[in-house]
Amino acid sequence: MAGAKKLYIKTYGCQMNVYDSERMAEAMGGAGYVETDSPDDADMILLNTCHIREKAAEKVYSELGRFRTLKDDKPDLKIGVAGCVAQAEGEEIMRRQPLVDLVVGPQSYHRLPQMEAQTRRGAKALDTDFPLDDKFEALKSRGPKARRGPTAFLTVQEGCDKFCAFCVVPYTRGAEVSRPAARILDEARDLVDRGVREITLLGQNVNAYHGPGPDGTDWSLARLIWALDGIDGLERIRFTTSHPNDMTDDLIEAHGTCSKLMPYLHLPVQSGSDRILKRMNRKHTAEEYLRLIERIRAARPDILMSGDFIVGFPEETEQDFQDTMDLIEEVKYGYAFSFKYSTRPGTPAAERDQLDEDVKSDRLQRLQARITHHQRAVQDAMVGRTVGVLFEKPGRLPGQMVGKSEYLHAVHVADAGLAPGDLAQVTITESGSNSLGGRLATEDGATAAE
Ligand code: SAH
Ligand code: SF4
Ligand code: F3S
C-alpha cells in the first residue's frame, strides 16, 4: 500500500494481549496503518504491556528507553503504551518516560484511532476509562478480510471479580464481562471462513462466561462450546484460563462428550497448602481441587492437565511448600507454569511480611525440577500412540511440517506432503526435548510405510 503509515506492535503478557494486539492492528488499518515487524521503519510504536509481575512491568521502561534514538531521528514517530501497565500506571508513564505520546488502557482500544489523530496534532493522549460500550464490536475490522493461519484466539470474557490476594488483574482489566454469544459465533464463523480450524476461547476467567444467548437466556461456557461445535469447518475448540470454582458440571460433561473440545485443561491452583490458599483468597482447598480433577478425569480419562504455581507467597513455610509438591505429585501435570511470588503494589498480599529472595529461588528450582520430571513422563508416554495433529507451519528440515497434537504437544512429521491447516492422524515415534516426532497413520490406524 503506497503511502501507508507503519505500525509496530510488541506484545507482552497473556494470550488476551495477543488477541487485543491483533484487534488494535486491524483498527489502525482503518486509520491508514499497515503492520511492520521492525520498530526501525515504524511511524507508530505500540507496546502492549503486562503488569502481572514486577519484571514484566519493568521491561516496558527499559524497552521504551531504547526508542530514544529512533525518535531523535524521526520526530514524527509516535510511541504508545497499551495494556495492563497502561491501566495500572496511567499518566505516570508519561511522567517517567516523556517519549511516550499515548497511553491507552485495555478497555479503551476502540478509541485508539482518535487518540492517534490527537497525537498527530501534537497533543498527548491518555485513556484508561472502563467505558460501557463493547470495545470488540467497535474494533471489528471493516476492511478486506485477510486469510488467517489454522489457529486463532477469540476473547469471550474479560476481567475478574475473584481478587486473589497477589493479583493485579481485577484492577487492570476490571470487573467480569461476557460478550454476547451471537457476536462470538459470528466472529468464529468469520475466522473459519478465513482458514481457521482451531479456536481457543479466551478469558481471564473464561469458565465464568455467562453471556446473553440469542434465545434471551444466559449461556454458560459449555453452552457456547456446543454452539461452536455446530460450525462446519471448525475442527477444534480450546479455552483458557479457568478457575477451579467455575468448573461447572455441564463444562466437565462437555469434556467427555464434545469431540471438538480438546483433551487439555489449564486449571491453575497456585498452591497445595490450605493455609496459603486461604491467605491467597482462592476460596477452595487443595482437596476440593484434587476431587475436581478426579471428576474431570472420570469424564475424559486422557485429559492433559496444566497448572500455574506461585512459590514464596508471604508466610509460606517449608511445610506449605511440601504440600504443593505433594499436590503436584498427585496430579502429574503435563505442563505447568511456576513463578516466584512478586509483590504488586495495591494488592493485599503486598502489605504482608515477605520471604527472602533466596528461599523463593530455592523453592522454585525444586518445584520446577518436579514439574519437568512429570512433563517429560507425560510427553514420553505419547510414543506409540496415534493422535490427531493440526499442522501449522513448516519445520526446520526441508519437507518437514510442525503442528500441535490434541494434547498441545508440538509434533513434527517429515516429508509427507502436508500443508498448514491439514489435520491428520499421526503415530508418535519419538519424544525429543521440546517436541514429538511421528509418521502419518493409515486409515486402519497402522503406521504408513515410509
Ligand atoms: N486468571 C488466571 C491467571 C491470571 S495470571 C487464574 O486465575 O489462574 C497468570 C498467572 O500468573 C497466575 O495463575 C499466577 O500463577 C501468576 N501470578 C499472578 N500474580 C502473580 C504475582 N503477584 N506473583 C507471581 N505470580 C503471579
Ligand atoms: Fe488473578 Fe485470581 Fe482473577 Fe486469576 S482469578 S485473574 S489469579 S485475581
Ligand atoms: Fe499480564 Fe494483563 Fe494478561 S497483567 S497476564 S497482560 S491480563
Discussion item. Whole percent per 10 Å bin, from 0 to the bin with the longest distance: what is P(r) over all C-alpha pairs of segment 136-380?
Written reply: 7, 28, 33, 22, 9, 1
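Can you give the helix-only mean residue ellipticity at 222 nm for the chain, where every DSSP H stretch with n ≥ 4 adds -39500 (n - 2.57) and the sum goes over all residues, rounded to the nearest 500 deg cm²/dmol? If you can, show how the numbers build up before the last one.
On the way: 15 runs with 152 residues, N = 450.
That calculation yields -10000 deg cm²/dmol at 222 nm.
Counting other Cβ atoms within 10 Å, which GluC sites (Glu not before Pro) in segment 71-102 have at most 16 and lie in a DSSP loop?
Values: sites: E89, E91, E92; in loops: E91.
Loop-located and lightly packed - E91.
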Discussion item. At 7 Å along Cα-to-Cβ for each site, give me the label-to-label distance between R147 and E91 in nm.
Written reply: 4.9
Discussion item. My understanding is that a pair violates if its Cα-Cα distance is over 25 Å; which of K59/K332; K124/K340; K10/K124 do that in this structure?
Written reply: K59/K332; K124/K340
Discussion item. Using a Cα-Cα cut-off of under 16 Å, which lysines could be cross-linked to K260, ignoring same-chain neighbours fewer than 8 residues away?
Written reply: K404
Item to complete: Pop out the carbon and sulfur fraction of the accessible area of the chain as a percent, whole number, probe 1.4 Å.
Response: 50
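Please work out how much length the chain gains when fully extended from R194 to A419, using 0.36 nm per residue of separation minus the C-alpha to C-alpha distance, in nm with one decimal. Present the calculation step by step, with values, prior to reporting the outcome.
Working: separation 225, 0.36 × 225 = 81.00 nm, distance 1.57 nm.
Extra length available between R194 and A419 comes to 79.4 nm.
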Fill in: Approximate spin-label separation E330-R68, in nm, with each point projected 7 Å along Cα-to-Cβ
5.4
Response to the item:
For C164, the accessible surface traced by a 1.4 Å probe with all protein chains present amounts, in square angstrom to the nearest 10, to 20
Worksheet entry | Amide H contacts of A125 (H built 1.01 Å from N, under 5 Å, at least 5 apart or other chain) | L102, V103
Discussion item. Given 20 °C and 1.002 mPa s, compute D for the chain with the Stokes-Einstein relation, Rh being the Kirkwood radius over Cα pairs; round to the nearest whole µm²/s.
Written reply: 91
Worksheet entry | Square roots of five times the Cα gyration tensor eigenvalues for segment 5-134, Å | 19, 18, 15
Worksheet, complete the sentence: Between V359 and T343, the two model label points (7 Å from Cα along the beta-carbon direction) sit apart by a distance in nm of 1.4
Practice prompt. Using 0.36 nm per residue of separation minus the Cα-Cα distance, give me the extension gain between D215 and L408 in nm, one decimal.
Written response: 66.1 nm
Discussion item. Need the full-extension length gain, E287 to E351, defined as separation in residues times 0.36 nm minus the C-alpha distance. One decimal, nm.
Written reply: 20.2 nm
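Determine, from the Cβ-Cβ distance of A175 and T442 and an R0 of 60 Å, the FRET efficiency 1/(1 + (r/R0)^6), rounded to the nearest 0.05.
Details: r = 52 Å, r/R0 = 0.87.
Computed FRET efficiency for A175 and T442: 0.70.
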Discussion item. Just to verify a number: what accessible area does R366 come out at with the full protein assembly present, 1.4 Å probe, Å² rounded to tens?
Written reply: 80
Discussion item. Apply the a/c threshold of 1.5 to the C-alpha gyration tensor of segment 386-440 and tell me whether it is rounded, prolate or oblate.
Written reply: rounded
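Rolling a 1.4 Å sphere over the protein heavy atoms, what is the accessible area per residue of the chain, to the nearest Å²?
44
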Discussion item. What does the net charge come to around T343 if you take all other residues with beta carbon closer than 12 Å to its beta carbon, with K and R at +1 and D and E at -1?
Written reply: +2
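The values are calculated or read from the model by the stated rules, or taken from the named source; none is laboratory data. What you see is a predicted model, and the numbers here were worked out from it, not measured in a lab. No Cβ is skipped: glycine too gets one built from the backbone with ideal geometry, and neighbour counts run over all protein chains shown. Just the protein is used for accessible areas: all its heavy atoms, side chains included, with ligands, DNA and RNA removed. Shrake-Rupley method; radii C 1.70, N 1.55, O 1.52, S 1.80 Å.
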